[in-house]
Amino acid sequence: MEFEAGESIIPPEMNVAYDHDEHALPSVLHRQRAKEHGEWVGFNANSVFNDGLMVNDGQVQFKTLPLDLREQDARVLNHGVPVPASPAIADRIVTRLNKISAPFNTRLVFNPVTYALTIEEA
């Protein structure tokens, strides 16, 4: 039996239900359920489940580290293992947070050099 990140154990009946050999590795089933026609689908397709922030304290200004959980990484073992986000992913995170903060009349400003995230009145 194969153990991957998250120690997935797939019962033989589930592999058979998806037309795989009953002893197929978990990655075979996960790969099939993550992509359709070469495109990411479901949980893996939504960047909201891939991006995140680590907060150091609860002040109005605090240090953050934007994270990429690599759910779409070509290497299955990297899925869910965080790494510092690229500038593009960091921007995507802050853009999403600003969108959901707008109804509260707040705005977030992220400084990629100092990692400072400031919450301001919009």
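The values are calculated or read from the model by the stated rules, or taken from the named source; none is laboratory data. Because the structure is predicted, anything quoted here is derived from the model rather than measured. Ideal geometry is used to build each Cβ from the backbone, glycine not excepted, and the neighbour counts take in all protein chains shown. When the accessible area is computed, the model is the full protein with side chains, heavy atoms only, and any ligands, DNA or RNA have been set aside. Shrake-Rupley method; radii C 1.70, N 1.55, O 1.52, S 1.80 Å.
Things worth noting here:
- Count of segment 12-28 residues which are over 18 Å from V76 (Cα atoms) and open to solvent by 60 Å² or more (accessible area, probe 1.4 Å): 9
- Residue pairs meeting the criteria (Cβ under 7 Å; at least 6 apart or on separate chains; first among the polar types (S, T, N, Q), in segment 90-106; second part of a helix (DSSP H, G or I)): none
- Residues that are out of contact with any Asp or Glu (no Cβ under 7 Å at 6 or more places or on another chain) and either charged (D, E, K, R) or in contact (Cβ under 8 Å) with a residue 40 or more places away in the chain (or both), drawn from segment 69-79: R70, E71, D73, R75, N78
- Per-region count, segment 34-44, residues free of Cβ contacts under 8 Å to residues at least 12 places away in the same chain and either open to solvent by 100 Å² or more (accessible area, probe 1.4 Å) or aliphatic (A, V, I, L, M) (or both): 5
- Number of positions in segment 41-77 that are at pLDDT 80 or above, touching a Ser or Thr at 6+ places or on another chain (Cβ under 6 Å) and under 20 Å from T95 (Cβ atoms): 1
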